[in-house]
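This report concerns only the one structure given below.
The values are calculated or read from the model by the stated rules, or taken from the named source; none is laboratory data. Note that the structure is predicted; figures quoted are calculated from it, not measured. Here the Cβ positions follow ideal geometry from the backbone for every residue, glycine too, while neighbour counts run over all protein chains shown.
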Amino acid sequence: MGTTRSVALTAVLCFFYSVAAAQTNPGGVGGAVHWYAADTAGNKGGLRSRIPSDTTFLTFEHATLQQLNYHPALKLDGRSSLLLPLAPRDWRSASIFTVYQAIDTAHENSIWYTTQNTTTGLVLTTDRMADLPAYRYMNYNDVARHQPKVNVYVQQKEKDTPVATLQSLHIGGQPVTPKVPVVNFNGLIPELIIYNRVLNSTERLQVASWLALKYGITLTEPGATYLNSAGQPIWKGYDYPDWHNNIAGIGRDDTAGFNQSQATSSNTPGLLTITTADALSNNTFLLWGDNDKPLIPAPRTPGQPVMLQRSWLMKTAGGPAYTTTLQIDTKQIDARLPVQPFYWLVIDPSGEGKFNTQEAVYIPMTTLDKKGIATFTNVAWDEDASGKDVWALIAGPELLLQTNIGQPTCAQQSAGSLRTRILGGKAPFQLVVQNSRGIVDSRRITNTNTPIAFESLTTGKYTITVTDASRHTYTDSFYINHTGVPLPALKADQYTLPVAGTLTLDAGVGLPSSLSWEWKGPDGFQSLSSQVRITKPGVYTIRCGTAGCYNQQDITVKAMPNNTLYDINIFPNPSTGRFAARVTLDEPAPVTMAIYSPEGKLITIQKGERRSNYHFTGELKIAGIYELVFTSGLSKTSRRLMIIK
């Protein structure tokens, strides 16, 4: 009997432009006997043969043409199917590549099946690959059914298997003989490639890599590796496991007919788009992936602006760096924002994801449009030839401070230091450094190219405030601590009192028993134990140490609000028509905003998903005082908005 083998390679998305005049070798691998890609003929969408000698254009009833990563993709709606006669060949050996994206994720969809005469042979569904005559099945554990896929099926059957002479491939329909419990395919099919031989592992990965980059699909196997048309690795997933998510790329590979100057991820379509206007050289690539973390604030690092948790790795291959334009859809960011938010890229040129160094590069956004798209222009990658950069986002004000803290040892009581950079704003700047005893230093700064140094500082809490020429102000505070003493073992710097009114914290978990402890807080609160019971909100300071060598940390304890909708900002108010409402919650929850006219009539309702931060917008054309009612669970509050014409 024959043997079958199938590999499902799961995916991400990018933006693709092909300028090659003739694409004859997908991934640089020749010998495809059937090769169809989505295209148009007149006003009809279908699948066009890419074999140079074949002018076939297949059309489907009820099918339409859509886009998958801005590239043509045939949309089948569950009513469409097509029979494709296969050439009379020996199909005992075959390699079949199918790109698809299921829209109906609730059912098992039949993507294609083969028949010999009327008997069903192979069946590819969204859940499995089956060889019905051989009673062989391979099931998929698809945890992201809505994401596009590159499916690779390989079969090698023994010589005693009859040679199939009259076979057909049925796209989008469901098998009849025998009948299989699946439904017609509802989704996108942009490309299908068939070889009548078994490609070796390198050839298979070349074709899969080409399709993955073309349609922005994240490969998960084998080895999470992408190859160029010469079989050389351009991305080794095992080398970057933290960032092997939502992969996309730009580049040029003439042998594969690949020339791509813009890309975005299909898993997060429109979140990040990267474009280059540079003339691309052959066999050069820029690929990126992210750590798949949420777009929410990361834990704060003392002295550093608060970044978002998601970060991206940029990897060059085959040539010098590209200068790029990045566009980011900020509406997908779930973070507390000022009324006029500003966005930054922060880049670690070492490629390690270490942003709290003097080598970190901060790039301000160029523009922010009305749709919330932030644009960054002239961003160059891999200028130090390391081959990789890691970057993240900052959502905050236009003026920032970045401070590297030099911590003294216990023997160097006055050897602390600060290296501060002013980011953004308008010169000249006034920079003030204070500690518990008063102002330590005050300077007028006109040149921000060099970090401002402060030396011979004692341990303790410091506050730095910068004010620019436009009177914008940014303040940061942190401790200079000793390096020889561990910090208190607390998981956060902010807590909420539970409903019962008592919060128990133990700062000494896992730390040496020889440490001494001191807590101070509101209303004379004090304790000499590592564990305390807190009953009042406020700022608490913890000090731990030994033999006169101490470290300190602040934590904030908040009261449980009676109404979760206590932080709402409507602006501008009054307004001439257009307005925005920012809602900030302590925990993610759905929020509804209802707008009532001056007469009390409901005008419109907006609903938000499960987030912590919402940005509702609207426009009212008639003057008057409107009531905006916000609801989240059992909490409800209202705000008045004045429209002036």
Item to complete: Have a look at Pro178, Pro162, Pro190 and point out the one that is over 24 Å from Arg252 (Cβ atoms) and either assigned by TED's automatic domain parsing to the domain that holds Ile234 or modelled with pLDDT of 90 or more (or both).
Response: Pro178
Discussion item. Between Gly521, Gly538, which is within 21 Å of Met560 (Cβ to Cβ), small (Gly, Ala, Ser) and in contact with a Phe, Trp or Tyr (Cβ under 7 Å, 6 or more places away or on another chain)?
Written reply: Gly521
Discussion item. Suppose the filter is in contact with a Ser or Thr (Cβ under 9 Å, 6 or more places away or on another chain), aliphatic (A, V, I, L, M), buried (at least 22 other Cβ atoms within 10 Å of the Cβ) and farther than 20 Å from Gln147 by Cβ; does Ile217 pass it?
Written reply: no
Worksheet entry | Segments classed as strands (runs of 3 or more DSSP E), wholly inside segment 374-444, with at least 3 members that are in the same structural domain as Leu457 (by TED's automatic domain parsing) | 399-406, 416-424, 429-435
Response to the item:
Selection over segment 497-518 where residues are closer than 27 Å to Pro561 by Cα and crowded, with 16+ Cβ neighbours inside 10 Å yields a count of 4
Discussion item. Given the condition touching a Pro at 6+ places or on another chain (Cβ under 7 Å), surrounded by 23 or more Cβ atoms within 10 Å (Cβ to Cβ) and at pLDDT 95 or above, answer yes or no: does some residue in segment 82-98 qualify?
Written reply: no
Response to the item:
(1) more than 20 Å from Tyr240 (Cβ to Cβ); (2) touching a Gly at 6+ places or on another chain (Cβ under 8 Å) all hold for Gly387 apart from (1)
Worksheet item: So, of the residues in segment 68-81 that are at pLDDT 90 or above and in a strand (DSSP E or B), which turns out to be surrounded by the fewest Cβ atoms within 10 Å (Cβ to Cβ)?
Response: Asp77
Worksheet item: Can you pull out the residues in segment 188-217 that are closer than 19 Å to Trp288 by Cβ and assigned to a helix (DSSP H, G or I)?
Response: Ala208, Ser209, Trp210, Leu211, Ala212, Leu213, Lys214, Tyr215
Worksheet item: Checking Leu65 against (1) within 18 Å of Leu192 (Cβ to Cβ); (2) surrounded by fewer than 20 Cβ atoms within 10 Å (Cβ to Cβ); (3) within 36 Å of the chain's Cα centre (by Cα); (4) touching a residue at least 60 places away in the same chain (Cβ under 8 Å), which single condition isn't satisfied?
Response: (4)
Worksheet entry | Check on Pro52, closer than 23 Å to Leu213 by Cα and outside any strand (DSSP E or B) | yes
Discussion item. Taking the conditions exactly as written (at negative phi, outside the structural domain of Ser414 (by TED's automatic domain parsing) and surrounded by fewer than 15 Cβ atoms within 10 Å (Cβ to Cβ)), does Ser470 satisfy them or not?
Written reply: no
Worksheet item: Just for strands (runs of 3 or more DSSP E) wholly inside segment 524-586: which have at least 3 residues that are surrounded by 14 or more Cβ atoms within 10 Å (Cβ to Cβ)?
Response: 538-546, 549-558, 567-571
Worksheet item: Taking the condition at pLDDT 95 or above, of a type in the set (A, V, I, L, M), part of a loop (DSSP other than H, G, I, E, B) and under 37 Å from the mean Cα position of the chain (by Cα), does Leu511 pass?
Response: no
Worksheet item: So is Ser81 in the same structural domain as Asp142 (by TED's automatic domain parsing), farther than 19 Å from Val152 by Cα, small (Gly, Ala, Ser) and touching a residue at least 12 places away in the same chain (Cβ under 8 Å) or not?
Response: yes
Discussion item. For segment 117-139: of the residues being buried (at least 17 other Cβ atoms within 10 Å of the Cβ) and polar (S, T, N, Q), which is modelled with the lowest pLDDT?
Written reply: Thr120
Worksheet, complete the sentence: Filter segment 445-471 for residues that are in a strand (DSSP E or B) and hydroxyl-bearing (Ser, Thr, Tyr); the one that is farthest from Tyr550 (Cα to Cα) is Thr467
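Here is a yes/no grid of residues against (1) at pLDDT below 95; (2) assigned by TED's automatic domain parsing to the domain that holds Ala144; (3) polar (S, T, N, Q); (4) not in a helix (DSSP H, G or I):
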residue	(1), (2), (3), (4)
Asn245	yes, no, yes, yes
Gly251	yes, no, no, yes
Asn259	yes, no, yes, yes
Ser266	yes, no, yes, yes
Thr273	no, no, yes, yes
Asp278	yes, no, no, yes
Ser281	yes, no, yes, yes
Lys293	no, no, no, yes
Worksheet entry | Selection count, segment 250-282, where residues are in contact with an Asp or Glu (Cβ under 6 Å, 6 or more places away or on another chain) and crowded, with 18+ Cβ neighbours inside 10 Å | 1
